[in-house]
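What follows is calculated from the coordinates using simple rules that are stated; it is not laboratory data. Owing to the predicted nature of the structure, the values given are computational and were not obtained by experimental measurement. As a convention, Cβ positions derive from the backbone with ideal geometry for all residues, glycine included, and neighbour counts pool all protein chains shown.
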């Protein structure tokens, strides 16, 4: 492991024996217990785990929103987070949300509007700049959230079950969209989901977490050519194997 | 517009009709309880008299002054309680008590401290409105969705910038609710205070009410009550309009896509 760490300039993020504990009543609950993995620069890695595997905790620690109790989690470069609910600020328009991200990054007021327009255009939301989040569909909100994350000019995009609440068609479209943006940019993506098919559809590699507490149980490289279809039999076979593994983990965790 | 208006008009007509019926029943002589018609005639006469507006103007100036101070103080106190743990422990529960305390209970103390002055009246209005305004903003800040805080922090906003860009805008609907309630308290406190301070050569709605009572001029008394009611309704509906437009913007009204 240590000689791998030496090459860390190739890595966008590294997680080393990461342990996170929360107080739970008068007990301590372990969310993550010694999780270890690395993600290479430009890699698209999916993390699957059943509920209670500490997936969201992992992203919070990587984004600096939670502190680890033990071990290390390190991201090289800027981080942007995308959540399950779009979490757009409801009082700002789609463009306003993107512009705020630009403002907080220090982009000059004169440039913000133009950049926001370009970014919304890039996620196919041109013409919806003046809409507020409650006037957008679920898929459009996630596109706007994606544009806002791009506005942060992050090196690493952390995604927390971003498409879980969407209908199948919107999700399909957003998979394509995300894949396209990832190919065009130099983004590294860590994508957390409980859906094995989604993980196999998107990831270069799938990391399977155990439940309660979360630990890396398994890593599956996905060598299927892109773009992949959620319905292809090859994908279904790999996803099936991962799902079996998850079920096994869940029954152990009980 | 019309469909909004007619139930309200209907209620007014109904209230006037009940009033008229009570007068016709002969329960009290007309000198003690005049009917709607003579009162409205009297009101129309008052409204043509410039002196009448001096009293309304005085009362509204007091309301505006007391309310403005209350809004400022309430806002500062709420942000302090929200930000400083010690302040919350110290003042947090006090705020609830103050909110349920009738502010007119402050009046004797205000009179001792400030004599029969404008200051005493302002203090009572302030103590009536400020707790409600502070409580509204505080509950708004406390109820900001944790997700929005995470989003703000993930975008690099912290401390003051998190407050400015995320917490305060998110708390705005509750704050407007608190401002609206604060106004209702301010208006009530002011009326009580003006009735108690009869002295002073300043004319106000309160002194006019007292004068009408002393002169047994019930037509004038009822005309003034209608003025007080209408001012309350008008200002309340202004707050209502602001409240609706904020909720609309924030996507808190149902029925949208």
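Derived value for chain B: Kirkwood hydrodynamic radius 21.0 Å. Basis is the mean of 1/r over every pair of different alpha-carbon atoms. Plainly put, the range B:179-231 has a radius of gyration that is 1.01 times its Kirkwood radius, both from alpha-carbon atoms, as the Rg/Rh ratio. Can you check what the Kirkwood hydrodynamic radius comes to for the range B:82-225, Cα pairs only, in Å to one decimal? Here the Kirkwood hydrodynamic radius works out to 17.7 Å. A Förster radius of 30 Å combined with the Cβ-Cβ distance from residue B:41 to residue B:241 puts the calculated FRET efficiency at roughly 0.40. In the protein assembly as shown, helical runs assigned H by DSSP with n ≥ 4 each contribute -39500 (n - 2.57); averaged across all residues and rounded to the nearest 500, the mean residue ellipticity at 222 nm is -19500 deg cm²/dmol. Segment residue A:130..residue A:223, full-extension length gain: 29.3 nm, with 0.36 nm per residue of separation and the alpha-carbon distance subtracted. On the basis of the beta-carbon distance and an R0 of 45 Å, residue B:160 and residue B:14 show a calculated FRET efficiency of 0.30. Using a simple spin-label model with pseudo-atoms 7 Å out from Cα toward Cβ, residue A:36 and residue B:234 lie 7.6 nm apart.
Counting Cβ atoms of other protein chains within 10 Å of each residue's Cβ and taking the mean over peptide A:124-136 gives 2. If you model chain A as an ellipsoid using its alpha carbon gyration tensor, with each semi-axis the square root of five times an eigenvalue, the axes come out at 30, 21, 18 Å, biggest first. Neighbour counts of other Cβ atoms within 10 Å put A:132, B:62, A:241 in the fewest-to-most order A:241, A:132, B:62.
Panel order for A:183, A:93, by other beta carbons found within 10 Å of each beta carbon, from fewest to most: A:183, A:93. Per-residue extension of 0.36 nm, minus the Cα-Cα distance of residue B:101 and residue B:211, leaves a gain of 36.7 nm for this segment. Residues considered: A:202, A:166, A:32. Largest GNM mean-square fluctuation over chain A, using C-alpha springs under 10 Å, is found at A:166.
Computed from the Cβ-Cβ distance with R0 of 22 Å, the FRET efficiency linking residue A:65 to residue B:84 stands at 0.45.
In units of the compact-protein estimate 2.2 N^0.38 Å, the range A:120-254 shows a Cα radius of gyration of 1.14. The range A:89-152 gives an Rg/Rh value of 0.93, both radii derived from C-alpha positions and Rh following Kirkwood. Neighbour counting of Cβ atoms within 10 Å sorts the residues B:139, B:192, A:53, B:245, fewest neighbours leading, into B:245, B:139, B:192, A:53. Summarising the strand pairing of the protein assembly as shown, around 50 percent of its internal DSSP beta bridges are antiparallel. Over the range B:112-153, the fraction of Cα-Cα pairs per 5 Å bin, rounded to whole percents and listed from the shortest bin up, is 5, 19, 15, 13, 11, 10, 7, 8, 6, 5, 2.
The C-alpha atoms of chain A define a longest principal axis, and helix A:109-122 lies at about 60 degrees to it. Helix A:138-151 versus the longest principal axis of chain A: what angle, 0 to 90°, nearest 10, using Cα atoms? Result, in degrees: 90. How much of the pair distance distribution for the protein assembly as shown lies past 28 Å, counting alpha-carbon pairs only, in percent? Tail fraction, whole percent: 66. In terms of overall dimensions, the range B:1-114 has a Cα radius of gyration and Dmax of 22.6, 62 angstrom. Using only Cα atoms, tell me the angle between helix B:205-214 and the longest principal axis of chain B; keep it within 0 to 90° and round to the nearest 10. Once rounded, one gets 30 degrees.
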